[in-house]
Every structure is written in C-alpha cells, then in structure tokens.
Amino acid sequence: MRVYLLRHGERQNSRSLAGPSDPGLSARGLRQAQAIAAKVESGEWDKPDRILCSPKIRSQHTLAPLSLQSSCSLQILPSLDERTSEETAPQFTIRVRKLLYDLESLPGVNYLCSHHDWIEEAMISIPSSTELLNSQYHIWEPGSFMIFDLVDGIWELRKAGGIQA
C-alpha cells in the first residue's frame, strides 16, 4: 500500500476578523493543486485508488484537480480535520492514530490531505524506519508532502518535499 500524505496548498489570507473561517486556496495554492494533478498525469506520482480529505475547503481544493483528472471521487473524512476547540489533546491523538490504523487495511494508492497540526501528530504516531521527528521533517509548509510504502506494518518513507508552483 502506498500513502501520499499532503498538507493543503497555500490558503487565502484570512488573518483579518472579516476573513472567512474556512478559507480557500490562494492563487499559489491553486497552482500547487494543479501541480499535484500534473505529477500524476506525467506518471511521476501514482494514480490514486482513494483520495481522502479533511472537511476544510482548502484541503478539498488541494486534491480536487487530481480527483477530476483521475475520476476518483474525494472522500471527506472528519478524522483528517485539524484539532477542534472542543477536542482535548488526548482525544485528538486518538483520532489521528485511529485513522492511521484504519488506513493500514486500505489497499492500493491513497492520497491524504490534511493540516499542519494533524500531520505533526501523525509524524509522532507513524511507525517508520525513518526518524520522522528528525528536524529535516519538521517544516510542513503548505503543499508539503511525504510518500510512504506500508510494508509489514512499517511506513517506509520514499520521498519528502514540497510542491513547487
């Protein structure tokens, strides 16, 4: 099984009080989304069997071009959402770990798009032969990704980087 773990593309600036609570992607974020689809179309990345996204618009829009191109529908999973204000840290950890565990039973190629806090928690929880808490993996800018192969319960890191757009 292969997993493409992505942080959503760059979001629209929503720092003002009048800004939306669930902003979409900026122009750069939209280019990052197109670049993901282009990587699959060119054969650099695998065609998805599943595309899983958080309920946030920016996460969905990051993988929407891939969904259209591949005819693989977006599956919206609340378990991929960022930590909510009603959620304790242990509850959030359990949610992330449950999704990672459940994912291990899904065959094929799975694309996941989530948020910085979710990915940080996943890096702590993923059983990997690579030290994912190493400082080189700490920076998860918008459009960052990791590609894993799941082999006998161990997540083997194949590649990490950022989508240039």
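The values are calculated or read from the model by the stated rules, or taken from the named source; none is laboratory data. Remember, it's a predicted structure, so these values are computed and weren't measured experimentally. All Cβ positions, glycine included, derive from the backbone under ideal geometry; neighbour counts span all protein chains shown.
Which count do you get for residues in the stretch 50-71 that are part of a loop (DSSP other than H, G, I, E, B) and crowded, with 18+ Cβ neighbours inside 10 Å?
2
Between residues in the stretch 78-95 that are within 16 Å of S114 (Cβ to Cβ) and residues that are aliphatic (A, V, I, L, M) and surrounded by fewer than 17 Cβ atoms within 10 Å (Cβ to Cβ), which pairs lie under 9 Å by C-beta distance while being six or more apart or on different chains?
R83/A89; T93/I124
What's the number of the condition L25 fails, among (1) in contact with a Lys or Arg (Cβ under 6 Å, 6 or more places away or on another chain); (2) modelled with pLDDT of 95 or more; (3) within 28 Å of D102 (Cα to Cα)?
Checking L25 against (1) in contact with a Lys or Arg (Cβ under 6 Å, 6 or more places away or on another chain); (2) modelled with pLDDT of 95 or more; (3) within 28 Å of D102 (Cα to Cα), the one that fails is (3).
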